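Working notes, beginning with the structure itself.
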Amino acid sequence: MEKTEFRYTDRIGTIVGTMTNDGADIRINLDGWEFVGKMFDDMEPVQSVGLPDRFLIHQDSLVDCDFEFIIPVLVNDRNQLIKVDLSVHFELGKPNDRGGIDKEGFQIALEYKAIKYVSSGRLEDMEDKLLKIQKQLPDGLFIQACINCLYSDYSPYGNGVFGCMMCFRNLKQEYLQVKSKEEFFHIHDHFERQVQETWLCDEFERRVPGTGYRG
C-alpha cells in the first residue's frame, strides 16, 4: 500500500493532501479530515461532526470538487517491468434536482519514454479508458495490472466507474471454462474479492482474448 499526493480543489481553493490505496479501498486525508471509498465518486467522510463547510456532501459523498492524483502502475515492455505513473483528473459537479450531480467525468494519462498516452474526456469507466490507452501503446507493451489479467471480470449486473473488477484467482480452472453469460453465473458469486483495474498481485497472467464473460 503506497501513499501518494492527492490534490483536492473546490470553490475555496486547493488542498494538497495524501491518498493511500490497498487495491480495494481508497483513503484520502485533507487537512486532517479523512474520507474513504471504493470509487472516485463515493468518498465518504470518516467523521462528519465538525466537518468544514467547504466539503460539500451529497448522498453521503464528496461533490462539487476536482481530484488530481497518480496511481503507480507497471508497464510490461517485452518482459521488462517498468514502474510508471497513471495520472488521474476527476471532476464531480454540483447536486441537481434529480438527486444526482450535474456533471461527472475523468481523464487519465500514462507517460512512457517521453510519450504521453491520454484518454478522452468523455464519461466512461476506467475499463474503457485503460483499454483505449492500451490500444495506443506500441506492440510488445502492455499495462501489467488487473485490467489485463486472465482471471478478472465484471458482473453482468453492471459496475461503477472504478474498482469493481471480480478476481477469480481462487477459481482459475472454473473461470477459464466459462464461454457464456449463463456459464458465468455458475461462479459469479464465488469470486475471491473485488479489485481495482490498476491493482496487481503476484498471480497475474496476461489475458487471452475471448476468455470468460467479458471476452
Note to self: Scan the range 195-212 and tell me whether some residue there is open to solvent by 40 Å² or more (accessible area, probe 1.4 Å) and outside any loop (DSSP other than H, G, I, E, B).
What the structure shows: yes
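Yes/no per residue for (1) open to solvent by less than 10 Å² (accessible area, probe 1.4 Å); (2) touching a residue at least 60 places away in the same chain (Cβ under 8 Å); (3) over 30 Å from D64 (Cβ atoms):
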{"residue": "D128", "(1), (2), (3)": "no, no, no"}
{"residue": "I133", "(1), (2), (3)": "yes, no, no"}
{"residue": "I143", "(1), (2), (3)": "yes, yes, yes"}
{"residue": "C164", "(1), (2), (3)": "no, yes, no"}
Notebook entry, point to check: Can G105 be described as touching a residue at least 40 places away in the same chain (Cβ under 8 Å) and within 25 Å of S61 (Cβ to Cβ)?
Noted result: no
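Yes/no matrix, rows are residues, columns are (1) open to solvent by 10 Å² or more (accessible area, probe 1.4 Å); (2) out of contact with any helix residue (DSSP H, G or I) (no Cβ under 9 Å at 6 or more places or on another chain); (3) within 19 Å of I147 (Cβ to Cβ):
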position: N29; (1), (2), (3): yes, yes, no
position: Q59; (1), (2), (3): yes, yes, no
position: G93; (1), (2), (3): no, yes, no
position: E111; (1), (2), (3): yes, yes, yes
Next item on the list: Kindly indicate whether any position in the range 31-52 is over 28 Å from K132 (Cα atoms) and open to solvent by less than 10 Å² (accessible area, probe 1.4 Å).
Entry: yes
Note to self: When you check D22 against the structure, is it within 18 Å of the chain's Cα centre (by Cα) and surrounded by fewer than 18 Cβ atoms within 10 Å (Cβ to Cβ), yes or no?
What the structure shows: yes
Note to self: I'd like the residue in the range 1-55 that is assigned to a strand (DSSP E or B) and of a type in the set (F, W, Y) and, out of all such residues, is nearest to G105 (Cα to Cα).
What the structure shows: Y8
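The values are calculated or read from the model by the stated rules, or taken from the named source; none is laboratory data. Nothing here was measured: the structure is a model prediction, and the numbers come from that model. With ideal geometry, Cβ positions are generated from the backbone for all residues, glycine too; neighbour counts draw on all protein chains shown. Heads up: the accessible areas ignore ligands, DNA and RNA and are worked out on the full protein's heavy atoms, side chains in. Shrake-Rupley method; radii C 1.70, N 1.55, O 1.52, S 1.80 Å.
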